[in-house]
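Take a look at the structure below.
The values are calculated or read from the model by the stated rules, or taken from the named source; none is laboratory data. Keep in mind the model is a prediction, meaning the values are calculated, not measured. Positions of Cβ are backbone-derived with ideal geometry, glycine not excepted, and every protein chain shown enters the neighbour counts.
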Amino acid sequence: MTHRDDAAPDSLRPKIAVVTPTYNEAENLPELARRIFALDIPDCALIVVDDGSPDGTGEVAEALGRELPGRVRLIQRGRKLGLGTAYVDGLAYALDTGADYVVHMDADLSHAPEYIPGFLAALRDADVVIGSRYVAGGGSQEEWGIRRRALSALGNFAIRAVTGIKARDVTSGFKGFRREALESLDMEAFRCKGFAFLPEETHACQRRGYRLVEHPIVFAQRFSGESKMSLAIIIEAIWRLLPLRFTRRPAGPPSGGSRAARPTQKPPAA
């Protein structure tokens, strides 16, 4: 695994880091970066975690990094190692850069970057914000067929029933965190290395007593490429997540990760 940000100014310390795992997202990545930086969020960096995409996604990220030194950073892992491990590597790197707030999202533009300011506003009072299709104001674009809608709804219902997660959208990959919340999670000890990492992450935050809020989003059709979701992935996630129902809740957030601890830097106003 290599980090590609040699051109980054030493003085640049992003306060907001956006992490996106990629595999064959070369067509989508430039548009994602353009829309993120069009938001004009101060001290924001995009961290791309690429698993050796054969379509050249890593090379596209490197080119963006040269164009925007320090603002686009690449973690090149060389081969497919699992979605969950991509999040672990990206989130750990975001913390290493000193980011106070971290957002993770898909690179295929199904998650609209324009929601990020709303996430940051919500994080003034919350520890974790989940981009949710299943709260008032949320949903999916009409291009979704009945099969895809049913698969998503069934997956969410089953995973909530198995794990006891209270959030409605447990499979969302669009989330924002305060630094302290991320630092308290031992993600290396998570059971799930693939798609099921996402509900396990939410479950871990709920167990630690963090305040989770759901921010309504409309999940968009992929800009380019094909969805990687399937019934087999949902079934595997349910099987791997089943033991979480019997996991005891910790006594509370560890020192340095309590809800009383707040970073001195507030997120920008939405």
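Give the stretch 36-57 a look and list any residue that's touching a Leu at 6+ places or on another chain (Cβ under 8 Å) and surrounded by fewer than 24 Cβ atoms within 10 Å (Cβ to Cβ), or say none. Passing the criteria: ILE36, PHE37, ILE41, ASP43, ASP51.
Residues are listed down the side, and each one gets a yes or a no for (1) more than 13 Å from the chain's Cα centre (by Cα); (2) more than 20 Å from GLY209 (Cα to Cα); (3) assigned to a strand (DSSP E or B):
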| residue | (1), (2), (3) |
| --- | --- |
| GLY98 | yes, yes, no |
| VAL102 | no, no, yes |
| GLU114 | yes, yes, no |
| ARG124 | yes, no, no |
| GLY131 | no, no, yes |
| LEU154 | yes, yes, no |
| PHE157 | yes, yes, no |
| VAL162 | yes, no, no |
| SER172 | no, no, no |
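Restricting the first member to the stretch 22-42 and to residues that are part of a loop (DSSP other than H, G, I, E, B), and the second to residues that are aliphatic (A, V, I, L, M) and crowded, with 22+ Cβ neighbours inside 10 Å, the beta-carbon pairs closer than 6 Å and six or more apart or on different chains are GLU25/ALA107; ALA26/VAL60; ASN28/ALA107; ILE41/ILE16.
Just one of the listed residues (GLY70, GLY84) is modelled with pLDDT under 95, surrounded by fewer than 23 Cβ atoms within 10 Å (Cβ to Cβ) and not in a helix (DSSP H, G or I), namely GLY70.
The condition of being in contact with a Gly (Cβ under 9 Å, 6 or more places away or on another chain), farther than 26 Å from LEU120 by Cβ and surrounded by fewer than 21 Cβ atoms within 10 Å (Cβ to Cβ) holds for only one of GLY164, GLY194, that being GLY194.
Here the stretch 194-213 is the region considered, the condition is being within 14 Å of the chain's Cα centre (by Cα) and either small (Gly, Ala, Ser) or not in a helix (DSSP H, G or I) (or both), and the residue that is modelled with the highest pLDDT is ALA196.
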